Each structure stands twice: as C-alpha cells, then as structure tokens.
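No lab work stands behind these numbers, since they all come straight from the coordinates. Predicted model only: the values in this text are computed from it and were never measured. Reconstructed Cβ throughout: ideal geometry from the backbone, glycine too, with neighbour counts over all protein chains shown.
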Ligand code: PPS
C-alpha cells in the first residue's frame, strides 16, 4: 500500500494540529453525545489504549466475547476526531467512510466508549450538556515525550519527529499534534474541579497497582464486578498480554509500522532515563517548574 506523505502542523484555535483531526470539525463540534457515553480522554501516549481495553472488558468482556477475537480496539472505541478511513472503503458503488464521528454514531453498544485526545476546551459541548462520565489518563511529561517520539517515528500519519533533541524542544514548545502537554494535563485537571463526573487517572498509578486503579475505576463507573471477573480483566490488560493481542496492539493498521517501533513499546515508568541526557533532563526540569507553577497537579517520574 502506498503511504501518504507526512502531514504538517498548523495552528487550530491556539493548538498545534494536523488536518486529519480537524477536517471533520463541523461533525465533531456538533457531535451528539448520549448521557451514558463514556469519554476516554488523554494527551497522546498517556495510556489511552490500556484504559480503553479495561473499559471494554469491564462492559463487554462477558456479554460479547466475540469482540475479543474479531474487533480491533480502534473499532470498539472510536477515535472521535479522527478522519482516517481505518476500515478501507468497500469496493462497491456505495463505499463506506468511517470517520470517528461516523463510527461512534454507528456503535450499537451501550454505553458507547469514545476516545479523544482533544484538549478540554475543544471537546464537543454535548459531552458536558449530557453530563457524560469522562476518564482522563495523564502520564508524566518525560515518559510521555519519549513514548510520543517513538510513536511519531512509526506513525506515517504524524509529522516526522526529527532527532530526539529537536523533538524534545518541540515537546517543550507545545509544537506537537494536540498541542502542549502542559496545557492539556493542567486544563483537564482544572475541569475536574467543577465536573464531578471526571475521573483523573495517572499512568504511573496504574503501573504501580493495577488492581487498586481497577477498583477506583469501577467505583467511579458504578460497576461491581465479581473478584474473578476483575482478575480476568486485570490478566487481559497486562502489558505482555496486550502486546501479543492483535486486537489491541495496532498491528492491523497499515499506517503504523510496528517494525520501526511497536505500539506496545515498553509500558514502563522511567524509560525516560534511557533517552534524556543529564543536560536535557536539567533543562527540561527547569522549564517544567516554570510552566507548571500555577497548578496543583503532581506527577511521578519513577514508581
Ligand atoms: S495513543 O496512540 O495515544 O492512543 O497511545 P496510548 O495508548 O495513549 O499510549 C501508548 C503507551 O501506553 C503503553 N501501554 C501500556 N503500558 C502498560 N500496560 C499496558 N497494558 C499498556 N498498554 C499500552 C504503550 O506501551 C505506550 O507506551 P510506551 O512507553 O511507548 O511503551
């Protein structure tokens, strides 16, 4: 398959974006959320797929086991702002196009699980009007940057990452697809203070104690699975299990070259130490303090 050229970043309402996530904007802006929809929101590479898989198993693991072998995660949990045709148009006179909004509209599950990387101010207003539950996952900036760097190497749909040093500078400048990490995690943190149905999860907490975070998630969602069921979910979402699972590891998307870097790459806290030089780390920390001085959100870079 011939791959399209790498896209360019541009400013979209003050956020760096690429056209794949803005071309369908009218439909995104006017998207009609339902009261029982669950929005999974993250900055890219913070643990979206992990939490998506957890929620999918919690809701549908027992009632629809065939999903587990036949439906990739990106079809179970539509990516709201994506206009990629992840399912190739059918060779018939009425080819189907599957943008994130179309996939979400076609979902027959209840609840619908929907993924977004949008910063809080760009989320379609119907999610707030319908008072939907939202799970926001945040990951420490250093590991998030490293994961994003490797993702941009393997994902033809994103701009070229360049070398690590330049990429890190761009990350600090907020010139990334979906904008500034700093604005994203703090914007959602502020919203949590007023939107009671927002559960803010840290990737580091999930790595440290998945059972505890599963319990917290269930309590937020109002679910009470049996102990066996919870263990089944926990087993299914362990890093090594998901890495081997072709329905979860994005090996079925041609736009991503998992030979360059796997989507399920390391799944660790602290891998940044293998990438940052001492000088880069010091510069990053100094800049971080300035950018994060007005927020109470705290991250851990080791567990
Ligand atoms: S995306 O493209 O934004 O949706 O990516 P996202 O799913 O948010 O993030 C991918 C990173 O999450 C790691 N991951 C996991 N870590 C631990 N356990 C499990 N089960 C798990 N599933 C996904 C994945 O490996 C990416 O992180 P890195 O550091 O690159 O390995």
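Things worth noting here:
- Only helices enter the 222 nm calculation for the chain: every DSSP H run of n ≥ 4 contributes -39,500 (n - 2.57), and dividing by all residues gives -11000 deg cm²/dmol, rounded to 500.
- The label-point distance for residue 110 and residue 209, in a model that sets each label 7 Å from Cα toward Cβ, rounds to 3.6 nm.
- Per-pair calculated FRET efficiency, R0 = 30 Å: residue 125 and residue 84 via Cβ, rounded to 0.05: 0.80
- Most fluctuating residue given options 259, 175, 244, as computed from a GNM of the chain linking Cα atoms under 10 Å: 259
- Kirkwood Rh, Cα atoms: Rg over Rh of the stretch 247-303: 1.12
- Top of 278, 123, 135 by mean-square fluctuation, Gaussian network on the chain, Cα under 10 Å: 278
- The mean sequence distance of close C-alpha pairs (under 8 Å, at least 6 residues apart), as a share of the length of the chain, puts its relative contact order at 25 percent.
- Of interest is the spacing of the C-alpha centroids, which for the stretch 202-230 and the stretch 28-55 amounts to 17 Å.
- Largest-first ellipsoid semi-axes for the stretch 20-291, taking √(5λ) over the Cα gyration tensor eigenvalues, angstrom: 27, 22, 20
- Model label zone, residue 292; criterion: amide N under 18 Å from point 7 Å along Cα-to-beta-carbon; scope the stretch 16-51: 42-47
- Calculated over the stretch 128-249, the projected area of the Cα convex hull averaged across directions stands at 9.5 nm².
- Förster-model FRET efficiency, 22 Å R0, residue 257 and residue 69, C-beta, rounded to 0.05: 0.35
- Percent of beta bridges antiparallel (DSSP, the stretch 20-291, rounded to nearest 5): 5
- Highest GNM mean-square fluctuation among 281, 16, 251, for the chain modelled with Cα contacts below 10 Å: 281.
- Label point distance in nm, residue 32-residue 165, each placed 7 Å from Cα along Cα→Cβ: 5.4
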